[in-house]
1. Give the angle, between 0 and 90 degrees and rounded to the nearest 10, that separates the Cα long axis of helix B:14-30 from the longest principal axis of the Cα atoms of chain B.
2. If R₀ is 41 angstrom, what is the calculated FRET efficiency for the pair residue A:217 and residue A:314, using the beta carbon separation as r and rounding to 0.05?
3. Please work out whether region B:112-180 counts as rounded, prolate or oblate from its C-alpha gyration tensor, where a ≥ b ≥ c are the square roots of the eigenvalues and a/c under 1.5 means rounded, while otherwise a/b larger than b/c means prolate and anything else oblate?
4. What percent antiparallel are the DSSP beta bridges of chain B, to the nearest 5?
5. Could you state the number of Å between the C-alpha centres of region A:159-228 and region B:81-114?
6. Is the shape of region B:9-53 best called rounded, prolate or oblate, per the rule: a/c under 1.5 gives rounded, else a/b larger than b/c gives prolate, else oblate, with a ≥ b ≥ c the square roots of the Cα gyration tensor eigenvalues?
7. Compute the helix-to-body angle for B:95-104: its Cα long axis versus the longest principal axis of chain B, expressed 0 to 90° and rounded to tens.
8. With the Cα gyration tensor of region B:2-82 giving a ≥ b ≥ c as the square roots of its eigenvalues, does the rule (a/c under 1.5 for rounded; else a/b larger than b/c for prolate; else oblate) give rounded, prolate or oblate?
């Protein structure tokens, strides 16, 4: 026995490395480290304005309410709140979930619901249940950056379908499904964030929702609907969820309390057809036995109070204002060559710059000005894509910081645009006759165009990133 | 002995530096020293003044820690520190300056041109680019002058890739260099005191050899130490490395990166304070020479306290 506890650090001596390397599972070889990890390490500095996170604003949750609820739990159910719970979650938690889903017009059978440790675990458990190495998963391009490492760690082959302002291009999806048919393969599921998607902010249009559900039925294909932001709508008309349209036969629904209450409580859920749910429950047992009973008690108390809709309404007001601030700031500070989405809800805006700008490099430049965002490549399995795009979060910081953050990023972009213009604008590099067959990737600095959306065309398979659209710079 | 371990800081290589620093602290503890970890921030001088360490172990990489800035402060405070002097750090960090020094000292380094951002913005330097093909040829490598690791380093296979590569490089520094691409084996020679350690060869396992992430991840690049070299090649490589180390005035320890091509070795750069993480090359070289990480740390401390003994 040592006299003092040995402090274990997250590193090893190099002579140990080879020994460990021989022990690693094959899947670790394809596990992707979060791109630009070292750069992102600096974004945590307090002086950095971070538009990089996906953080809801928890500062408006009344402390007194929180204190009263936790006190009540202590007084009335200490023993139970500190004990293990059922793997599926408490029935009372499931009641709250049914209530939340009801607010979006869904009526799940409580037996089909499992409480998970955040929506992230639901995605992981679904993969654990359905995906063998080499299986195909289809998702949007760009997709939720947090889903990419999950798909990779289950060694899935992930195919990404371009989005436009109406969400995933279902025509493209059909082509991919047909191609896979030809190869005798079919995807294990189609993963979609249909409302106010992370990272793009776009929403899957109603006709596409219908078509997707139809396709799922025709082809007996599972769709995983990940819907963390559905209730955070600031404008436009509410749309039925895929789960609602389908009735729950082919749609697995993933929900979370993270964005409507708190991400710190790590409470999410999945709703799946009974045979699938049975396996998910087994997977959950193996993973962590049950979700925190303490935070389940908190949710129960919170919902009993009956003011959860009011709180969401406040959040919607808050985020609508912040989105407006960010859009305004983008018009003011981003160059004419940039374009971005204008989401009707959620937490994110997706901006795309001229293709000669790499947003990974831009992040390094922006960090010198103490501002951060997420480079677009994080939203693609193929890391060579999304390099000119970025995800901007508008929910996590206040209006002044949004304005200042966007101003600083805009300044950094402006410098790159100006430099590119100086490099190419007056000097016809493209005119060099000896330079071989390579074609310039962009025109001269002043005549850049972005990929135009190919409206209504279902034929388009490949090409540049379809998102976002060129917006006429009205500023 | 009370040893302040300076790490972190604001550079883009903060993450690597924190890993280097933590590992050094472990070794110091095992050696029976008293490590004082300091994440170099606004209170650095206050901390150093309050702690009064016998010596500072600088485990910082990139701007701020590897360019002489921190070293200058340590000089003012009268705290002996590990690694190269202020001037050597400044020379190593600025690749353009370093290449001039190397060439002057007769150390082989690939041909290059350097440009300031101002030259493009205000002086029409883009016109001068037309001379590149003839003088350097394609492909060429575009690098920020002061940048650590491979951040912002791009290949340009033809004219059309030059502007984008320049924009990337200028994201990290306002001076960049365009360098003739040196084809050959990728080698690194670490120098401890005045002694060269066994040569390491980096063999990328597929993918881009300038992939920043690959350098710090197990399994993405294979490192062979000692590298399999003929006696003649090994001595040419070692001589070039020592020449570079001396030309830039390094002391304590540093790492010289070279390419061994058909015409012999070419020095790419000298890292004044190379990484000390598990996957870093200097510790691997030391181990190949029979020097454990603890011995390496002890030796680096000795060199800091008794530079003459080197």
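1. With both axes taken from Cα atoms, the answer is about 30 degrees.
2. Working: r = 39 Å, r/R0 = 0.94.
After rounding to 0.05, the efficiency reads 0.60.
3. Numbers: a/c = 1.73, a/b = 1.10, b/c = 1.57.
Since a/c reaches 1.5 but b/c is at least a/b, the shape of region B:112-180 is classed as oblate.
4. 75 percent
5. 54 Å
6. Working: a/c = 4.67, a/b = 1.09, b/c = 4.28.
Since a/c reaches 1.5 but b/c is at least a/b, the shape of region B:9-53 is classed as oblate.
7. 80 degrees
8. In terms of gyration-tensor shape, oblate.
Any read-out appearing in this document is the output of simple, stated calculations on the displayed coordinates, not a laboratory observation. Given the structure is predicted, the values throughout are model-derived calculations rather than measurements. Here Cβ is always computed from backbone atoms with ideal geometry, including for glycine, and neighbour counts include all displayed protein chains.
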